[in-house]
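Below: the structure, in structure tokens.
The values are calculated or read from the model by the stated rules, or taken from the named source; none is laboratory data. Everything numeric here is computed off the predicted structure, so don't read it as measured data. Glycine gets a Cβ as well: all are built from the backbone with ideal geometry, and neighbour counts include every protein chain shown.
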Amino acid sequence: MTRTAVSNIRNRPKAQVLVVGGGINGVGTFRDLALQGVDVVLVERGDYCQGASGASSHMIHGGIRYLENGEFRLVQESVVERNRLLRIAPHYVKPLQTTIPIYSTFSGILSAPARFLTHKQGKPKERGAFLIKIGLTIYDFFSRDGGSVPRHKFHGRKKALAEMPQLPANLKYAATYFDASVHNPERLTLDVLQDGEKAGVNGGGATSRASNYLSLASMDAGNGGTVTLRDELTGETFDFSADVIVNTTGAWVDFTNEAMGAVSSYMGGTKGSHIVLDHPELLAACNGGELFFEHTDGRIVLIYPMEDRVLVGTTDIDANMNEDAVCTDEEIEYFFDLIGHVFPNIKVTNDQIVYTFSGVRPLPRHDATAPGFVSRDYRIERRQLPASDGGPSAVLSLVGGKWTTFRALAEHMTNDVLKELGVERKVSTAKLAIGGGAGFPDTESGVQMWIKSHMSSTRDADRTAVLLTRYGTRAEDVMRYLDGGSDRLLHSSRELSVRELEFMAENEQIGHLVDVLIRRTSLAFRGLVTGELLNEIADVLAGPLGWSAAVRSEEIKHAQNVLDRFHRVQVHSLVA
Ligand SMILES: Cc1cc2nc3c(=O)[nH]c(=O)nc-3n(C[C@H](O)[C@H](O)[C@H](O)COP(=O)(O)OP(=O)(O)OC[C@H]3O[C@@H](n4cnc5c(N)ncnc54)[C@H](O)[C@@H]3O)c2cc1C
């Protein structure tokens with residue numbers, strides 16, 4: 001298998017900056033640096049967005065509950081970034097109507113300041129209407145920069161139950177406000193990455209290069225701070241040098257520092273899980289929006305529609321970094337319980353779960369502070385390296401950093417790197433459209449017109465809509481590729497064609513078959529993976545990726561194993 005992305009790095013094994021970690025924060029930093037004309041390389045040891053960035057609650061939000069922790073700076077920045085992402089990434093980031101069911105008027109007024117002061121959960125005391133009103137008013141105030149989303153509203157019991165009749169009858173009020181959700185975080189990450197790669201293409205060869213399945217294995221202090229990179233698909237290693245190293249390896253930041261010969265104890269990640277349900281009654285009960293509410297233990301949890309499925313989450317448990325993050329039976333029980341709390345008449349069973357996922361939040365070390373009260377803000381730690389000839393001068397480690405704030409964080413990190421390099425910023429990313437968000441229609445009728453104008457004799461409206469949803473306006477590039485040869489839809493899914501898989505193999509750094517199921521499409525998330533699909537995808541990818549019959553079988557087994565072990569999805573392959 002030829003890995004062009006790895007060869008591009010191996011053939012010129014130096015750059016001004018090496019970014020380690022291909023979650024949204026590393027990729028965002030890579031794009032920003034590339035836009036400034038910096039010679040930058042990014043390495044990700046697995047697939048892009050396979051860490052916390054692929055395990056989030058999919059919310060692009062101000063984080064109303066962080067007001068309780070006194071994190072006003074973070075909430076303000078998050079609300080501003082939410083509004084920005086709605087504008088610059090409208091293909092994946094959409095407004096999300098959110099409803100908070102409320103059962104009392106004044107409850108929680110005394111316990112909230114106590115929680116704020118002690119950062120301990122204590123005995124849960126429900127948050128009442130008064131407290132929620134204060135929070136939403138501050139939230140609206142932070143949102144006043146252009147008003148991308150409507151202001152909050154309070155409804156009495158009658159109106160709330162008329163809109164959502166499955167809510168409990170003892171409800172007193174419902175507050176409705178808007179946040180946003182990212183429908184396809186994996187593809188948004190890829191879009192940001194490809195923007196970064198494009199920015200570096202300037203005639204004589206790319207100055208911004210990135211590869212997945214390439215890890216930072218170690219640093220040799222005796223060899224001028226040269227690092228060793230390892231190709232995780234072939235096991236091969238090679239040396240690489242950079243002036244500055246950016247460590248955006250999320251919950252693994254301390255491990256990465258250790259691999260570079262420095263002990264740090266910045267991180268204290270917490271695990272969170274979600275389940276995805278195929279449950280039409282629950283989907284209907286959500287009325288197209290998110291339910292965001294307090295469970296009996298005082299945790300804020302959520303239920304909301306994602307395409308034709310319902311997402312339920314999440315937990316917040318101190319993570320053991322030596323164990324895989326997976327959704328446990330206890331967590332599933334907790335989720336069923338919270339659904340019963342808000343929709344008492346809706347029953348949920350295990351066979352309605354089509355997918356589960358779990359990840360570790362890259363939070364700062366927090367010792368005695370309860371997980372829910374650990375700061376969600378981010379900071380950048382700088383480590384000066386001993387002077388060496390040609391080696392890096394500093395390592396900048398990111399501690400924290402939410403999905404919502406990735407652009408702002410990338411801007412901060414880039415500014416710090418530019419200072420190290422003595423280079424001026426040239427471009428701001430604040431208003432720059434991301435990938436297939438450029439020219440994306442901003443109304444439903446605009447979307448329909450776009451679809452109509454991109455249909456062809458071989459592409460009906462449904463297929464065109466799938467491509468627009470998956471790639472945004474970058475679908476035009478994909479369609480040009482599809483039209484360059486004869487194509488057909490797979491037999492096992494109307495959502496993928498043979499040439500589209502070939503396009504992914506050529507342009508999207510597919511390392512394993514499972515990457516297509518989890519991170520290039522939403523087929524796994526929606527519970528649509530079958531044995532037939534595995535075999536068909538393997539057959540198509542085998543050509544462009546150079547898989548022998550043995551590798552093809554291994555890839556099917558690997559996909560089955562990942563789906564079973566990390567997502568509780570069992571797929572029986574038709575062919576061994
Ligand atoms: C359960 C849960 C719910 C969340 N919900 C939300 C939400 O609704 N909204 C929101 O804004 N945020 C949310 N977050 C937080 C958000 O997802 C994360 O903070 C963010 O994605 C972190 O991105 P990152 O790039 O810093 O880290 P990661 O995405 O974890 O990326 C780090 C990457 O580094 C790679 N890596 C590690 N070691 C090496 C090495 N040696 N060499 C190369 N690569 C390496 C890893 O493979 C990984 O891909 C949630 C997080 C979780 C876990």
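Summary of values
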{"item": "Pick from segment 49-62, criterion near the ligand (Cβ under 7 Å from one of its atoms) and in a loop (DSSP other than H, G, I, E, B), ranking: modelled with the lowest pLDDT", "result": "H61"}
{"item": "Filtered residues of segment 1-15 (kept if in a helix (DSSP H, G or I) and within 16 Å of the ligand (Cβ to nearest atom))", "result": "A5, V6, I9, R10"}
{"item": "Pair list, Cβ < 8 Å and 6+ apart or interchain, from segment 300-316 residues that are without any contact (Cβ under 8 Å) to a residue 60 or more places away in the chain and not assigned by TED's automatic domain parsing to the domain that holds P280 to residues that are within 12 Å of the ligand (Cβ to nearest atom) and in a strand (DSSP E or B)", "result": "none"}
{"item": "Whichever residue in segment 16-46 is in a loop (DSSP other than H, G, I, E, B) and crowded, with 24+ Cβ neighbours inside 10 Å and, among such residues, is farthest from the ligand (Cβ to nearest atom)", "result": "V38"}
{"item": "Single condition D297 does not satisfy, out of (1) part of a helix (DSSP H, G or I); (2) out of contact with any Gly (no Cβ under 9 Å at 6 or more places or on another chain)", "result": "(1)"}
{"item": "Residue that is among the hydroxyl-bearing types (S, T, Y), within 25 Å of the chain's Cα centre (by Cα) and not in a helix (DSSP H, G or I), where the choices are S486, S428", "result": "S428"}
{"item": "Residue identified as within 26 Å of the chain's Cα centre (by Cα), modelled with pLDDT under 95 and within 14 Å of the ligand (Cβ to nearest atom) among G268, G272, G250, G261", "result": "G268"}
{"item": "Where P392 falls short, out of the listed (1) within 16 Å of the ligand (Cβ to nearest atom); (2) assigned by TED's automatic domain parsing to the domain that holds D254; (3) at pLDDT 95 or above", "result": "(3)"}
{"item": "Contacts under 6 angstrom Cβ, first residue in segment 166-180 being more than 21 Å from T137 (Cα to Cα), partner part of a strand (DSSP E or B), 6 or more apart", "result": "L167/P101; L171/P101"}
{"item": "Options G372, G298: the member that is closer than 28 Å to L409 by Cβ and surrounded by 15 or more Cβ atoms within 10 Å (Cβ to Cβ)", "result": "G372"}
{"item": "Qualifying residue in segment 550-561 (condition: outside the structural domain of A210 (by TED's automatic domain parsing), at pLDDT 95 or above and not in a helix (DSSP H, G or I))", "result": "no"}
{"item": "Condition check for T369: within 13 Å of the ligand (Cβ to nearest atom), in contact with a His (Cβ under 7 Å, 6 or more places away or on another chain) and not in a helix (DSSP H, G or I)", "result": "no"}
{"item": "Some residue of segment 118-129 being crowded, with 21+ Cβ neighbours inside 10 Å, more than 16 Å from the ligand (Cβ to nearest atom) and modelled with pLDDT under 90", "result": "yes"}
{"item": "Qualifying residue in segment 449-456 (condition: polar (S, T, N, Q) and in contact with an Asp or Glu (Cβ under 8 Å, 6 or more places away or on another chain))", "result": "yes"}
{"item": "Test: D477 is under 30 Å from T443 (Cβ atoms) and in the same structural domain as R552 (by TED's automatic domain parsing)", "result": "yes"}
{"item": "Residue in segment 310-319 that is away from the ligand (no atom under 15 Å from the Cβ), more than 30 Å from R382 (Cα to Cα) and buried (at least 24 other Cβ atoms within 10 Å of the Cβ) present", "result": "yes"}
{"item": "Residue in segment 290-308 that is under 30 Å from A15 (Cα atoms) and either within 11 Å of the ligand (Cβ to nearest atom) or touching a His at 6+ places or on another chain (Cβ under 6 Å) (or both) present", "result": "no"}
{"item": "Filtered residue count, segment 395-428, keeping only those that are farther than 23 Å from V263 by Cβ, within 16 Å of the ligand (Cβ to nearest atom) and not hydrophobic (A, V, I, L, M, F, W, C)", "result": "7"}
{"item": "Residue selected from segment 232-283 under the condition of a type in the set (V, I, T) and not in a strand (DSSP E or B), by the criterion surrounded by the fewest Cβ atoms within 10 Å (Cβ to Cβ)", "result": "V263"}
{"item": "Residue that is farthest from E502 (Cα to Cα), among those in segment 545-576 that are surrounded by 15 or more Cβ atoms within 10 Å (Cβ to Cβ) and of a type in the set (K, R)", "result": "R568"}
{"item": "Test: residue in segment 103-115 that is more than 29 Å from W403 (Cβ to Cβ), touching a strand residue (DSSP E or B) at 6+ places or on another chain (Cβ under 7 Å) and modelled with pLDDT of 85 or more", "result": "no"}
{"item": "Residue check for G54: on the phi < 0 side of the Ramachandran plot and surrounded by 24 or more Cβ atoms within 10 Å (Cβ to Cβ)", "result": "no"}
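For every residue, the table says whether it meets (1) out of contact with any Phe, Trp or Tyr (no Cβ under 9 Å at 6 or more places or on another chain); (2) part of a loop (DSSP other than H, G, I, E, B).
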{"residue": "N287", "(1), (2)": "yes, yes"}
{"residue": "P305", "(1), (2)": "yes, no"}
{"residue": "L311", "(1), (2)": "no, no"}
{"residue": "N320", "(1), (2)": "yes, yes"}
{"residue": "E323", "(1), (2)": "yes, yes"}
{"residue": "Y334", "(1), (2)": "yes, no"}
{"residue": "G340", "(1), (2)": "yes, no"}
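Let's see how each residue does on (1) in a loop (DSSP other than H, G, I, E, B); (2) over 18 Å from the mean Cα position of the chain (by Cα); (3) surrounded by fewer than 21 Cβ atoms within 10 Å (Cβ to Cβ):
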position	(1), (2), (3)
E506	no, yes, yes
L517	no, no, no
F525	yes, no, no
V529	yes, yes, no
G543	no, yes, yes
